[in-house]
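Visitor: Below you'll find the structure I mean.
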Amino acid sequence: MKIFTTRHELQQYLLQCRQKGETIGLVPTMGALHEGHLSLLALARRQSGVSVCSIFVNPTQFTNPDDLQNYPRPIEADIAKLTEAGCDVLFNPGVNEMYAANEQWHIDLGELEHLLEGKFRPGHYQGVTQVVFKLFDIVKPDFAFFGQKDYQQVLVIAKMVQLINLPVKLVMVPISREAEGLAMSSRNIHLSAEDRQHALVLSKALAWVKDYFSGNNLQQVTAEAVAMINAEPGVTLEYFEIADGETLLPATEANPHLVALVAAQVGKTRLIDNMIIR
């Protein structure tokens, strides 16, 4: 695996790859890699000639300075996992390589920016689109692979790609789960054994809604899922919503695509999860 820390060196290398007719698949990450990330990489390797994984803890998408400070950064372990998984290229830049001083960015994402995650983390998606645009501009990937766990993020990036008319195909990869159902996340490292048990209520509530949604009981299954989560000790619910899978506006039974999304504080760790219902 080749490792680059500067844009220029990475671009020079990828230019040579393109001249040989290779397609490029990008897996953008913030590191602390787990099986979910590696499932994105496996698909990138199958669908493109050169797989590029980026590891960059992006400061502009953190709305809480403590969260940025505490974000896990096990770079040596990440390099070992990527090497074993057969990744072709790692891009691991520093903040100064990605951002100039006093850099400004704003893109009009419409209502999507202010729903769900956007409501609880204002400004988060401006930071996400800022860094993803930079990565797309540097790597110029043919394909970019994102996890379904960050469902709203995938829609936000798709909106950015559409608005700026970027020549990249986005691929959303299904959520990887622990054996008990917990969605894999870099943040799971912060969960105590007790927290992990309590956190299972999130995937249980989502699965319950998927099983018991009949097509005309949207409010009932939502209310019961909320009650299920609220009854779990150590879990503070932020939102549980069944939304239109394309706009994330509150759903009606008539919507052809439905997704249930949840965010909660489990102990001191904030977790998100979702499940496609229809």
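The values are calculated or read from the model by the stated rules, or taken from the named source; none is laboratory data. Not measured: the values here are computed from a predicted model. Note that we place each Cβ from the backbone using ideal geometry, even for glycine, and neighbour counts take in every protein chain shown.
Visitor: Among all residue pairs at least 6 apart or on different chains, which show Cβ distances below 6 Å where the first residue, located in the range 93-115, is on the phi > 0 side of the Ramachandran plot and surrounded by 10 or more Cβ atoms within 10 Å (Cβ to Cβ) and the second is of a type outside the set (D, E, K, R) and not in a loop (DSSP other than H, G, I, E, B)?
Guide: none
Visitor: Hey, can you tell me all the residues within the range 39-57 that are buried (at least 20 other Cβ atoms within 10 Å of the Cβ) and farther than 14 Å from residue 170 by Cα?
Guide: Listed by number, the residues that qualify are 50, 51, 52, 53, 54, 55.
Visitor: Next question, about the same structure. Among the residues of the range 138-146, is any of a type in the set (Phe, Trp, Tyr) and either in contact with a Phe, Trp or Tyr (Cβ under 8 Å, 6 or more places away or on another chain) or assigned to a helix (DSSP H, G or I) (or both)?
Guide: Checking the range 138-146: not a single residue is of a type in the set (Phe, Trp, Tyr) and either in contact with a Phe, Trp or Tyr (Cβ under 8 Å, 6 or more places away or on another chain) or assigned to a helix (DSSP H, G or I) (or both).
Visitor: Can you tell me which residue within the range 257-278, out of those that are crowded, with 17+ Cβ neighbours inside 10 Å and of a type in the set (S, T, N, Q), is nearest to residue 239 (Cα to Cα)?
Guide: 274
Visitor: Among the helices (runs of 4 or more DSSP H) lying completely within the range 1-103, list those that include at least 3 residues that are more than 24 Å from residue 117 (Cβ to Cβ) and modelled with pLDDT of 95 or more.
Guide: Hits in the range 1-103: 7-19, 35-47, 75-85.
Visitor: Taking the range 139-172, which residues are small (Gly, Ala, Ser) and either surrounded by fewer than 18 Cβ atoms within 10 Å (Cβ to Cβ) or closer than 21 Å to residue 275 by Cα (or both)?
Guide: 147, 158 - these are the residues of the range 139-172 that are small (Gly, Ala, Ser) and either surrounded by fewer than 18 Cβ atoms within 10 Å (Cβ to Cβ) or closer than 21 Å to residue 275 by Cα (or both).
Visitor: Only residues in the range 258-270 that are at positive phi count as the first member; pair them with residues that are outside any strand (DSSP E or B) and among the hydrophobic types (A, V, I, L, M, F, W, C), Cβ under 9 angstrom, at least 6 apart or cross-chain, and list the lot.
Guide: These pairs meet every condition: 267/191; 267/199.
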